[in-house]
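One structure is given below, encoded as structure tokens.
Just so it is clear, none of the values below were taken in a lab; they were calculated from the coordinates. This one's a predicted model, so the numbers in the text were calculated from it and none came from an experiment. Here Cβ is always computed from backbone atoms with ideal geometry, including for glycine, and neighbour counts include all displayed protein chains.
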Amino acid sequence: MGISGNISTMSLAEVFQWLHNGQKTGTLHIRGKQRIVKEVYFQKGTINSASSNDPGELIGQFLLASHRITEQQLTSALESQNRDHVLLGKILVQQKIVSGEELGRILRNISEEIIYDLFLWKEGTFEFMDDVLPRREIPTLALDITHLVLEGAQREDEWGRIHEVFPDEHVVVRPRIEQILDRLPLDSESARLMSMVNGTRTIYEILRLAKTTKFRLLKSLLILYEEGLLAVGDFRSQIIPSQVQVKKNPVKEMIVSVEALMRRGKLSDAERGIIKLEQIAGNHPDVKKLKEMIQEKRLETTAKEMINPSAIPVLKMDMGELTKMDMSAEEGFLVSRVNGVWDIKSILKVAPFDEGTCLRIFKKFLDDGVVAFK
């Protein structure tokens, strides 16, 4: 017997316990925001493993984030996977990058992280497909459900503490220089993280650089915050504000409203709002910036609909033409991975930023004649 529902009305902890007590075999399919899909595989009530389409939770990115392999090693392994159609983990063992025993620990850690993250979801749907398991080979890890639920509940509590300090990914954090000088030398992980905190980057931007999961990054940032090594806000926030009461600005209020619509994924409503803003304040710099952000989001949505993940990009320009182009760091990264062999989904596995950004850039490359697809 299958079961389906919404996370907001039935918690995943309850679902896990129900499947465990009923000794169920099958696949629990969970769909969240931004097209993130995760699957948890049960065998007679025990969790064998889990998978996710979140780029940060793929085995390649997990190994890069933990500094276990280099990007060059991952690239070589992915090329072998494309050619031989063998699981990436097996290739890493064959190439003696990791041992079989270590691969087992890695797969266990990844499955646990995928499941722990689920306990932070407040919205989403789930469906259990009775007696349905993937045709591909999956690890048999026999994960402890009680441990997973307890750890998930603890992370949920920690997430509450995190959210009080960092309410969203748009928060900017800055280093507290004097306190850092007093603590030198920092441990290697803290030093690596603090090197990304420059007083202008948002948490979202740091996440893309850090090559780690959102929870791990925010927990590390919270520790640094509680130790007094970083503060919330950019350096301009240290300027003493004027005590003169400022009148409400209707344009600013409309901008905030449109930004909220965009964050909630209501793109059509945001586009209608920006049209109204242009009519009353078309030259306002924030209006222009917001319009560009909405256009990028629309381009990202269109790119996801247009680009086949199995398509293989090939360069239409020679290196001389490419070097003359003004490319961002992300664009430069992606164009350097176009080799006429890798398909889009393979490139996504090694990209240190999200799928939406990758697809938006490839759509731009396609429109600009930089690449074609075969």
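General remarks:
- Given their separation in residues at 0.36 nm each and the Cα-Cα distance between them, Q279 and I177 gain 32.3 nm when the chain is fully extended.
- Sequence of E226, E57 once ranked by neighbouring C-beta atoms within 10 Å, starting from the fewest: E226, E57
- Dipole orientation for the chain: of the candidates L12, L148, L186, L12 has the Cα lying most toward the positive pole (charges on Cβ; Lys, Arg +1; Asp, Glu -1).
- Sequence-distant residues sharing a close amide H with A231 (under 5 Å, placed H): R174, R176
- Residues whose amide H falls under 5 Å from that of V98, counting only those 5 or more places apart or on a different chain, are V93, with hydrogens built in the peptide plane.
- The alpha-carbon atoms of region 3-157 define a convex hull whose volume equals 115 cubic angstrom per residue.
- Label separation (R108 vs R263): 3.9 nm, computed from points 7 Å beyond Cα along the C-beta direction.
- Within the chain, the percentage of alpha carbon pairs spaced more than 39 angstrom apart rounds to 24%.
- Distant-in-sequence amide contacts of T46, defined by a placed amide H-H separation under 5 Å and a gap of 5 or more residues or a different chain, comprise nothing.
- The eigenvalues of the Cα gyration tensor, multiplied by 5 and square-rooted, give region 247-319 an equivalent ellipsoid with semi-axes of 32, 15, 9 Å from largest to smallest.
- Size of region 313-373 as Cα extents on the principal axes (Å, biggest first): 28, 23, 18
- Unit charges on C-beta of K, R, D, E only; dipole of the chain, Debye: 700 debye
- Karplus (6.51, -1.76, 1.60) ³J(HN,Hα), θ = phi - 60°, over region 13-27, in Hz, Gly and Pro reported as x: 4, 5, 4, 4, 5, 5, 5, 5, 5, x, 6, 7, 10, x, 10
- Our estimate of slack between A191 and E296, defined as 0.36 nm per intervening residue step minus the Cα-Cα distance, is 34.5 nm.
- Here r is the Cβ-Cβ distance between N249 and Q34 and R0 is 30 Å; the resulting FRET efficiency, rounded to 0.05, is 0.45.
- Distance between the modelled labels on N6 and Q23, one decimal in nanometres: 3.5 nm (7 Å Cα→Cβ projection).
- Calculated P(r) of region 166-238 - Cα pairs past 18 Å, %: 29 percent
- Zone residues, region 300-342, relative to N53, backbone N less than 15 Å from point 7 Å out along Cα-to-Cβ: 301-311
- Ellipticity at 222 nm from helices only: DSSP H runs of n ≥ 4 in the chain, each -39500 (n - 2.57), divided by the residue count, give -16500 deg cm²/dmol.
- Of T213, P167, G2, farthest towards positive along the dipole that unit charges on Lys, Arg, Asp, Glu beta carbons give the chain: P167
- Within the listed set G60, G124, G22, the residue fluctuating most in the Gaussian network model of the chain (springs between alpha-carbon atoms under 10 angstrom) is G22.
- Under Karplus coefficients 6.51, -1.76 and 1.60, residue-wise ³J(HN,Hα) of region 309-315 in Hz, glycine/proline x: x, 8, 6, 9, x, 10, 6
- In plain terms, the chain from K374 to E205 could stretch by 57.6 nm, reckoned as 0.36 nm per residue minus the Cα-Cα distance.
- Alpha-carbon centroids, region 295-325 and region 16-71: separation in whole Å: 30 Å
- Mean separation of Cα contacts under 8 Å, 6 or more apart, over the residue count of the chain: relative contact order %: 17 percent
- Simple Cβ-charge dipole of region 250-306, Lys/Arg +1 and Asp/Glu -1, about Cα centre, in debye nearest 20: 80 debye
- Among the listed pairs K266/K304; K33/K363; K316/K364; K266/K291; K38/K96, those whose Cα-Cα separation exceeds 18 Å are K33/K363; K38/K96.
- Using the Karplus relation 6.51 cos²θ - 1.76 cosθ + 1.60 with θ = phi - 60°, the per-residue 3J(HN,Hα) values for region 131-146 come to 6, 10, 10, x, 6, 6, 5, 10, x, 10, 9, 6, 6, 7, 5, 4 Hz, with x marking Gly and Pro.
- Within a Gaussian network of the chain (alpha carbon springs, distance under 10 Å), most fluctuating of I255, I97, I138: I255
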